[in-house]
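Visitor: Next up is a structure, given as structure tokens.
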Amino acid sequence: MALKLIQRFPRLGQLGIQRHPPVASANPLRTSSAGQPVCAACLCTSAGRCIRRQGCRTLQPDCGIRSLTTIAREPAFVASSSVGLHRDSVPRFSLTQLHRPTATEEQDFQQRLGSCSSYRQVFKLLRSVEILSDTMAAAALHRVADLEQEGTSLKDPTVLEKDTIRALCFQLEQDSGRLTDAGLVSALLACTRLFLDPWSTLMVRLVSESQDRLDRGQMTVGQLCNLGQAMIAIEGPGCVMLEQVMVNIQKQEPAQWSLSDLVAVYRLLQGCIGEDGKYRDLLNAMHTHAVKVTSRMDPAAVSVLLSTLVILNQTQAMPLVISLCKQAVQHVPHFTDEELTLVVGALIHFGHSDHYFVQAMEKYVPTMAFTSHPETVTKVMQFFGRRNILSPTVFNAVAESFVYRADDYNTSQVARQIMAFGKLGYLPPNAGNMFRKVETILHTRFSHFQPRTLLNLLHACILVERFPVNFVSKVFSRYFLQQLQEQGTGMDRLILSQLTQLYMTVKLECPFYEGPKLHSKYRVKSFLMSGRSLETPVDTHLYHSVKNGLIGLLGARSYFGSKVLTPYCYTLDVELKLDEEGYVLPASHNGDVYKRIALCIDGQKRFTTNKRQLLGKEAIKQRHLRLLGYEVVQIPYYEFEKLKNMTSVVEYLHQKIFPHTYRLNW
């Protein structure tokens, strides 16, 4: 078995783990290196350490180990299908269908297991159960992993040295050949989640036995997925056995899968998709089936599918995304923090929002803003910010919680939450307290911010007329600009635009600022650019309608300029020049200009999606243009759309631009 396993998994041999040859013996009693007898239970974990010291006459003095998995030995053979160790002081479990606990007993055990909040409670539960099935034993290991897993390690690695878990692993190792398919692959997956050494006897036996079962081709979809997840953890996505798992899955028809099987395959594909398009046909069939069963999905299934679609970048699966978003509406109050984070992250990724989902979030966020995980609250704010959805209910609740919780947020979370306020140009009722908290964080944790994160935060502040003068001088320092340039691949146009607008703001709105200037090489000449921009391009259809109206009002196209780049980096949709007596000058005229009028033709994209409020970047543009001496005339789409004909358009423009004068042209 072991040789077969090594041949199938060449990468395991590169792990640098010393392998020990198996010690063959048919006796349940063995001999230690000192020639003294050792009980069979002492060999349970391949480490020569007794599970329960009571009743064991021999214990090696140097048996301290770190884990379950250091030396590979053949355990003693025990004929019965249920094994009790040390006079039933540790768990035993049935390995045959004839002696399995009833379905009711297993269900009761699973419920009690789910209520355990520590591994000690799990062990107490195990010791209270007379007989365990292999699936129950695997479930117990999974629950320990749920409670102890932290990143890529366990919170308390010594949990693997506890007698109860060692006894479970011993029995799984000893009777691997008699485990059910479901129990076998579930136990293997649980062992990978507990980070057991892949060259321990237990892991080698489980993997080898799994390979034999896989070769028979009788595993269900769910079992194949568990096996695939385990092999990804052991060997990575390039594993030979994983390829065989995927071949077996593709032989089956997704339309016939249960909902749990469908979710399991989606979860598996997150880790083994490989090159783009590798499982395209399988995914398309799964998407088609998923749309039909979305209405039966629970919160966990919805979050798994949405996160998988993000990881696999399934942009063609928008019907499924929309269907999942609709199903998410009823689950909003029931999502865990992790699940909700994945759901809103997916909606951000696919650029989708649903009116009913937003309504559900408006009801839920005030109840969770003070208690949910900081990343969940931050992701929710990102969702509303990216989708340009202004919800005072949500923003006010988060602003209030920010004052009390911000000390527990990392610098990225602080910046991303404030960026949402800045983007939508919204100030909550407690804006004073909130930005005082921001200033305190900047004072105490300034050096903790990544340069670009800090720039994003300060730029968001100026969008809502909060001026971080005390920190601008540090941003314009040569040292910070050098850090900013070294982070990533250098400074892109957006960063230079943010620096330029930050500098313009302190010069225009903070005349008392006397700190360093921004060097000219870091300034841009225009804020308007493709992609992410500090200005929103004018809506073409709306612009042409206004242009025709202006020609009717002024008499000729030559009396106004279009898309005029000012010396101050802003681009004017339309510019009118007036002399001292109020007459309109030709657009080409540059001398004796007494007044300049900037027409802001504001289409829908310059406003929040659900309210008639300008986005932060458009509000600061109009604010700066007024400070620079322009008379700003706003022409919002929602007013212009009401006009029925050219006559009403001309009258409207006349009232907007020249409210105190007679018509200039008849």
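Visitor: Could you please put V185, V593 in sequence from largest to smallest accessible area, using a 1.4 Å probe? Walk me through the intermediate numbers first.
Guide: Numbers: V185 0, V593 40 Å².
Heavy-atom accessible area, descending, gives V593, V185.
Visitor: Now for a different question. Rounded to the nearest 5, what % of the DSSP beta bridges within the range 547-665 are antiparallel ones?
Guide: Expressed as a percentage, antiparallel bridges in the range 547-665 total about 65.
Visitor: I would also like to ask the following. Using a Cα-Cα cut-off of under 16 Å, which lysines could be cross-linked to K621, ignoring same-chain neighbours fewer than 8 residues away?
Guide: K423, K507, K525, K563, K605
Visitor: Continuing with the same structure: Looking at the range 235-322, which trypsin sites (Lys or Arg not before Pro) are in a loop (DSSP not H, G, I, E or B) and have at most 16 other Cβ atoms within 10 Å?
Guide: Within the range 235-322, the qualifying trypsin sites (Lys or Arg not before Pro) (loop, at most 16 other Cβ atoms within 10 Å) are K251, K278.
Visitor: Going by average Cβ density within 10 Å per residue, which order do the peptides 139-146, 422-429, 402-409, 435-442 take, highest to lowest?
Guide: Result, highest mean Cβ count within 10 Å first: 139-146, 422-429, 435-442, 402-409.
Visitor: Something else about it: What order do you get for 193-199, 300-306 when each peptide is scored by the mean count of other beta carbon atoms within 10 Å, highest first?
Guide: With the highest mean Cβ count within 10 Å placed first, the list reads 300-306, 193-199.
Visitor: Considering just Cα atoms, how many Å³ per residue does the convex hull of the range 510-666 enclose?
Guide: Spelled out: Cα convex hull of the range 510-666, divided by residues, is 154 Å³.
Visitor: Give the dimensionless ratio obtained when the Cα radius of gyration of the range 101-154 is divided by 2.2 N^0.38 Å.
Guide: 1.13
Visitor: Here is a further query. As a test of the definition: which semi-axes, in Å, follow for the range 91-252 when you take the square root of five times each eigenvalue of its alpha carbon gyration tensor? Largest first, please.
Guide: 25, 19, 14
Visitor: Equivalent-ellipsoid semi-axes (√(5λ), Cα gyration tensor) for the range 259-342, whole Å, largest first?
Guide: 21, 13, 11
Visitor: Rank-order 550-560, 567-577, 374-384 by packing density, defined as the average count of other C-beta atoms within 10 Å over each peptide's residues, highest first.
Guide: 374-384, 567-577, 550-560
Visitor: Still on this structure, please answer the following. Please give the length that would be gained between I322 and E514 if that part of the chain were fully extended, namely 0.36 nm times their separation in residues minus their C-alpha to C-alpha distance (nm, one decimal).
Guide: 63.9 nm
Visitor: Considering the zone a paramagnetic label at R178 would reach in this model (a point 7 Å from Cα along the Cα-to-Cβ line), which residues of the range 101-122 have amide N under 18 Å from it?
Guide: Zone members listed by number: 101-102.
Visitor: A431: net charge of surrounding residues, Cβ under 10 Å, Lys/Arg +1, Asp/Glu -1, itself excluded?
Guide: Neighbourhood net charge equals +1.
Visitor: Taking only the alpha carbons of the range 467-524, what extent do you get along each of the three principal axes, in Å, biggest first?
Guide: For the range 467-524, the Cα extents along the three principal axes come out at 35, 20, 18 Å.
Visitor: Further question: Would you mind giving the three semi-axes, in whole Å and largest first, of the ellipsoid equivalent to the range 404-466 according to its Cα gyration tensor?
Guide: That gives 17, 14, 10 Å for the three semi-axes.
The values are calculated or read from the model by the stated rules, or taken from the named source; none is laboratory data. Since this is a predicted model, take the numbers as computed values, not measurements. Neighbour counts run over all protein chains shown; Cβ positions are idealised from the backbone, glycine included. Accessible surface areas use protein heavy atoms only, side chains included; no ligands, DNA or RNA. Shrake-Rupley method; radii C 1.70, N 1.55, O 1.52, S 1.80 Å.
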